[in-house]
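Okay, so here's the structure we're looking at.
The values are calculated or read from the model by the stated rules, or taken from the named source; none is laboratory data. Here the structure is a predicted model, which is why all the values come from computation and not from measurement. No Cβ is skipped: glycine too gets one built from the backbone with ideal geometry, and neighbour counts run over all protein chains shown. For the accessible areas, the whole protein counts, side chains as well, though only heavy atoms, and no ligand, DNA or RNA atoms are used. Shrake-Rupley method; radii C 1.70, N 1.55, O 1.52, S 1.80 Å.
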Amino acid sequence: MATRHLTLRLDADLVDRLDERSQQAGRKRPELIARYVDEGMRMEDHPGIVFRSGPAGRRAALAAGPDAWEIIRVVRNVKGSGEAAVGQAAEWLGLSREQVDIAVRYYSEYPDEIDRWIDRVDEEARRAQQIWDRRQDALA
């Protein structure tokens, strides 16, 4: 992805807070600024989406609910398609149709991001299954 240079004027207190956060996160100030701008724009474009940190990195999630990738995974695996899939996923997850639709709208704009999360989780599950299978074999 091509980058361009941007000069900003920020309050001194904000710069100090950025520097403190930068040290805590072990990231450079420009990286944090870019992340905050990107995530802020995404949240504005997709009301109801927030970003959460975790051991595997930051990910899009419902403000009051699961990660977007978890919802999309269920939408893909229910019977039916379109609005029927949204309704079935909402019922299965205990969410409103609107909450599922928020995740679907986000996915429609960022499918590669969500697909990478699903692929990562699937790979971790495969590895965990292999470890469990080997353990069972060792105990047999």
TODO: Restrict the check to segment 42-59 and report whether at least one residue is touching a residue at least 60 places away in the same chain (Cβ under 8 Å), in contact with a helix residue (DSSP H, G or I) (Cβ under 9 Å, 6 or more places away or on another chain) and loosely packed, with under 11 Cβ neighbours inside 10 Å.
DONE: yes
TODO: Give me a count of the residues in segment 43-85 that are in a helix (DSSP H, G or I) and farther than 20 Å from Val121 by Cα.
DONE: 7
Open item on the list: Considering only segment 33-42, I want to know if a residue exists there that is farther than 30 Å from Ser96 by Cα and not in a loop (DSSP other than H, G, I, E, B).
Closed with: yes
Task: Extreme residue, nearest to Asp45 (Cα to Cα), among residues of segment 79-116 that are surrounded by 12 or more Cβ atoms within 10 Å (Cβ to Cβ) and basic (Lys, Arg) - done: Arg105
TODO: Pairs only if they're at least six apart or on different chains, beta carbon under 7 angstrom, first in segment 70-96 and closer than 22 Å to Asp119 by Cα and aromatic (Phe, Trp, Tyr), second open to solvent by less than 70 Å² (accessible area, probe 1.4 Å) and not in a helix (DSSP H, G or I); list them, first residue then second.
DONE: Trp92/Val78
- [ ] Could you grab me the full set of residues in segment 102-140 that are within 21 Å of the chain's Cα centre (by Cα) and not in a helix (DSSP H, G or I)?
- [x] Tyr110
